[in-house]
Amino acid sequence: MTEPTPRLDWSTPLPAVIACGIGGLGLLAATALATDAAGRLLIGVAALGLLFLFVLGLRQRPRLAVEPGDPPRIVVRGLTGAQRYTPDRIVRTRVVSYRRLGRRMPMLEMDIAEPGGDERLLIFGRWDLGTHPEDVLDVLRAYLPR
């Protein structure tokens, strides 16, 4: 029996992205039905926030990916498009727990060496990856020599 190939791309779960879009449209309709100006403003801001998350979630799919090859490339998608990094540019990859909403939340941190000697820190949470950051780190370690 062969082992299943590991997953090589991670993104926000599509049902969550769709729920943001549906919620944003629902709040947009509620904005039109609100009778007071303050309520209309608050509901409208919430609607725009959810619609922004919807567009962002669709635009950044997959958020993090591995392109196997020689050398493999780590692909990070953002608002401006995809950035590709070779293993020699990745200084450190680790999972760190941060306090958020009163709980310790694991986050995947990647330190990237930029041209000119600067470093860039990329942080991915469970929302970005759609799975536990430790699982992603295990797969990334197979492609990153450090």
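The values are calculated or read from the model by the stated rules, or taken from the named source; none is laboratory data. Given the structure is predicted, the values throughout are model-derived calculations rather than measurements. We place every Cβ from the backbone using ideal geometry, glycine too, and count neighbours over all the protein chains shown. Note: accessible area is taken over every heavy atom of the protein model, side chains too, but ligands, DNA and RNA are not part of it. Shrake-Rupley method; radii C 1.70, N 1.55, O 1.52, S 1.80 Å.
Pairing each residue of the stretch 36-53 that is over 13 Å from residue 19 (Cα atoms) with any residue that is assigned to a helix (DSSP H, G or I), provided the two are 6+ apart or on different chains, yields C-beta distances under 7 Å for 40/31; 43/27; 43/30; 43/31; 44/31; 46/27. When the stretch 104-146 is filtered for residues that are of a type in the set (A, V, I, L, M, F, W, C), part of a helix (DSSP H, G or I) and either under 28 Å from residue 53 (Cα atoms) or open to solvent by less than 30 Å² (accessible area, probe 1.4 Å) (or both), the ones remaining, listed by number, are 127, 129, 136, 137, 139, 140. Taking the criterion of being more than 15 Å from residue 128 (Cα to Cα), outside any strand (DSSP E or B) and free of Cβ contacts under 8 Å to residues at least 40 places away in the same chain, the residues of the stretch 57-82 that qualify are 69, 70, 71, 80.
Among the listed residues 95, 75, 136, identify the single one that is of a type in the set (A, V, I, L, M, F, W, C) and over 22 Å from residue 56 (Cα atoms).
Working: 75 fails: over 22 Å from residue 56 (Cα atoms); 136 fails: over 22 Å from residue 56 (Cα atoms).
Just a single option satisfies the conditions, and that option is 95.
Which of the residues spanning the stretch 83-103 are part of a loop (DSSP other than H, G, I, E, B), open to solvent by less than 100 Å² (accessible area, probe 1.4 Å) and either of a type in the set (A, V, I, L, M, F, W, C) or under 19 Å from residue 67 (Cα atoms) (or both)? 86 - this is the single residue of the stretch 83-103 that is part of a loop (DSSP other than H, G, I, E, B), open to solvent by less than 100 Å² (accessible area, probe 1.4 Å) and either of a type in the set (A, V, I, L, M, F, W, C) or under 19 Å from residue 67 (Cα atoms) (or both).
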